[in-house]
Amino acid sequence: MSSQEEILSDGRFSRITRDPRFWEMPEKERKVKIDKRFRAMFHDKKFKLKYTVDKRGRPVNYTSTENLRKFYALSESDSDISEGDSEELTEKKKKKKKAKPKEQADS
């Protein structure tokens with residue numbers, strides 16, 4: 001670490017500390033915000049791939065959905081609805097769909 005301090009104190013490299021191109025990106029801006037249309041990719045089986053080795057042949061122990069969560073975030077307005085709430089909404093929709101055919105059969 002002392003060599004890094006020496007580099008920063010050197011006059012030739014002093015503008016690196018002031019240049020925004022070399023600043024670290026804030027965590028809030030790192031992830032791409034996506035809206036509710038694409039939130040299914042976090043829990044849909046179509047988007048889930050289980051990797052056993054990485055591109056260099058080393059064994060890995062993660063799935064593609066973990067990568068998605070690392071690079072993407074739900075937009076602020078959509079993050080209010082948690083996954084539990086979305087499951088409840090889908091159950092209610094299923095119940096309503098099942099109830100409609102019974103009412104039509106009575107008519």
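The values are calculated or read from the model by the stated rules, or taken from the named source; none is laboratory data. Note that this is a predicted model, so its numbers are computed, not measured. Reconstructed Cβ throughout: ideal geometry from the backbone, glycine too, with neighbour counts over all protein chains shown. Surface accessibility is based on the protein's heavy atoms, side chains included, excluding ligands, DNA and RNA. Shrake-Rupley method; radii C 1.70, N 1.55, O 1.52, S 1.80 Å.
Considering segment 8-25, and only residues there that are of a type in the set (D, E, K, R) and open to solvent by less than 80 Å² (accessible area, probe 1.4 Å), the residue that is nearest to the chain's Cα centre (by Cα) turns out to be D19. Which of the residues spanning segment 1-46 are in a loop (DSSP other than H, G, I, E, B), of a type outside the set (K, R) and closer than 21 Å to T63 by Cα? Matches in segment 1-46: H43, D44. Close Cβ contacts (under 8 Å, 6 or more residues apart or on different chains) running from residues in segment 26-54 that are in contact (Cβ under 8 Å) with a residue 12 or more places away in the chain and more than 14 Å from S75 (Cα to Cα) to residues that are among the acidic types (D, E) and assigned to a helix (DSSP H, G or I) comprise H43/E83.
Go through segment 49-74 residue by residue and tally those that are assigned to a loop (DSSP other than H, G, I, E, B) and not basic (K, R). Spell out how you get there, then give the answer.
Initial filter on segment 49-74 (assigned to a loop (DSSP other than H, G, I, E, B)): 49, 51-52, 54-58, 60-62.
Now drop any that are not not basic (K, R), which leaves 49, 51-52, 54, 57, 60-62.
Of the residues in that region, 8 qualify.
Among residues belonging to segment 26-69 that are among the basic types (K, R) and in contact with a helix residue (DSSP H, G or I) (Cβ under 9 Å, 6 or more places away or on another chain), point out the one that is most open to solvent (accessible area, probe 1.4 Å). Talk me through it step by step, then tell me what you get.
Step one: filter segment 26-69 for residues among the basic types (K, R), giving 28, 30-31, 33, 36-37, 39, 45-46, 48, 50, 55-56, 58, 69.
Those still in the list that are in contact with a helix residue (DSSP H, G or I) (Cβ under 9 Å, 6 or more places away or on another chain) too: 30-31, 39, 46, 48, 50, 69.
Values: R30: 116, K31: 81, R39: 64, K46: 173, K48: 115, K50: 128, R69: 106 Å².
The qualifying residue most open to solvent (accessible area, probe 1.4 Å) is K46.
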